[in-house]
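Shown next, in C-alpha cells, is the structure this report addresses.
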Amino acid sequence: MKQLWAPWRLQYVGAPKAEGCIFCAAASGKDDRASLIIHRRPLAFVILNLFPYNSGHAMVVPYRHRPRVGDLNDSEKLDLMHLLELTMRAQEMAFHPEGTNVGLNLGRAAGAGIEDHLHIHVVPRWVGDTNFMPVLGDTKVIPEHLEATYQRLHDAFAALTAAEPVRQTELGGV
C-alpha cells in the first residue's frame with residue numbers, strides 16, 4: 001500500500017467553525033497575509049479559500065456583509081466583476097490553468113458554507129485534476145501549500161495592477 005503524507009492538512013481536519021463572519025474578520029484585520037487576502041480594491045477584495053478545491057482557489061468578496069447580488073449597489077457589483085476578471089488573469093499568470101470554474105452558492109440548499117456574506121468562487125482547473133481520491137477516499141489532494149499559493153498569486157496581482165491602477169471613474173466616481 002502506498003502512503004500519501006500531507007501533514008500540513010492536519011490543522012484543517014476538524015477545525016472548529018469560526019464565530020462571526022470570516023470575511024468581515026479578514027477584511028478588518030491588519031495582516032493580509034495571515035488573513036489570506038491577496039488583493040484589495042475599494043469595495044471588494046480577493047481571499048484564498050482556506051479549504052481549497054484546487055491550488056489557487058480564491059474568492060472575490062464585497063466588503064459589505066450582504067447575502068445576495070441584488071443587495072449590492074452598482075459600484076460594488078462593478079468592483080466585484082473587475083476583481084473577478086483580474087483574479088482569473090492572476091491565476092492564469094501564476095498557474096496556467098486549462099479552465100476555470102466561477103460560481104456563487106446562494107443559500108444552504110445551493111451549497112453555501114457561508115450563507116450571509118456573498119462571495120464568488122474562482123477555481124483554476126486542469127484536465128485530469130480530479131482522480132480517485134475524492135471518490136473513494138473522500139479526500140482532495142492539494143499539491144501546493146497555501147503559503148506558496150498566496151505568494152504566487154500575490155506576485156501576479158502586483159504585476160498586473162502595477163500596469164493598471166484603479167481609476168475612480170471605473171467605480172462610478174466612488
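Kindly indicate whether Arg125 is out of contact with any strand residue (DSSP E or B) (no Cβ under 8 Å at 6 or more places or on another chain) and at pLDDT 75 or above.
On the way: out of contact with any strand residue (DSSP E or B) (no Cβ under 8 Å at 6 or more places or on another chain): no; at pLDDT 75 or above: yes.
So Arg125 does not fit the description; no.
Residues in the range 27-49 that are surrounded by fewer than 16 Cβ atoms within 10 Å (Cβ to Cβ) and in contact with an Asp or Glu (Cβ under 9 Å, 6 or more places away or on another chain): Arg33, Pro42. Among residues of the range 145-162 that are in contact (Cβ under 8 Å) with a residue 12 or more places away in the chain, those with a beta-carbon under 7 Å from a residue that is aromatic (Phe, Trp, Tyr) and in a helix (DSSP H, G or I) at least six positions away or on a different chain give the pairs His145/Trp8.
May I ask you to list the residues in the range 60-77 that are of a type in the set (A, V, I, L, M, F, W, C) and surrounded by fewer than 21 Cβ atoms within 10 Å (Cβ to Cβ)?
Val69, Leu72
Among the conditions (1) at pLDDT below 85; (2) in contact with a Pro (Cβ under 9 Å, 6 or more places away or on another chain), the only one that Asn101 does not satisfy is (1).
Scanning the range 49-81 for residues that are under 27 Å from Ala148 (Cβ atoms) and at pLDDT below 95 returns Asn49, Leu50, Phe51, Pro52, Tyr53, Asn54, Ser55, Gly56, His57. Within the range 18-47, being farther than 17 Å from Ile114 by Cβ and in a loop (DSSP other than H, G, I, E, B) holds for Lys30, Asp31, Arg41, Pro42, Leu43.
What are the residues in the range 51-95 that are without any contact (Cβ under 8 Å) to a residue 12 or more places away in the chain and either among the hydroxyl-bearing types (Ser, Thr, Tyr) or over 25 Å from Ala162 (Cβ atoms) (or both), if any? Correct list: Gly70, Asn73, Lys77.
The values are calculated or read from the model by the stated rules, or taken from the named source; none is laboratory data. Worth saying up front: this structure is predicted, and the values here are computed from it rather than measured. Methodologically, a virtual Cβ is constructed for each residue, glycine included, from the backbone with ideal geometry; neighbour enumeration extends over all protein chains shown.
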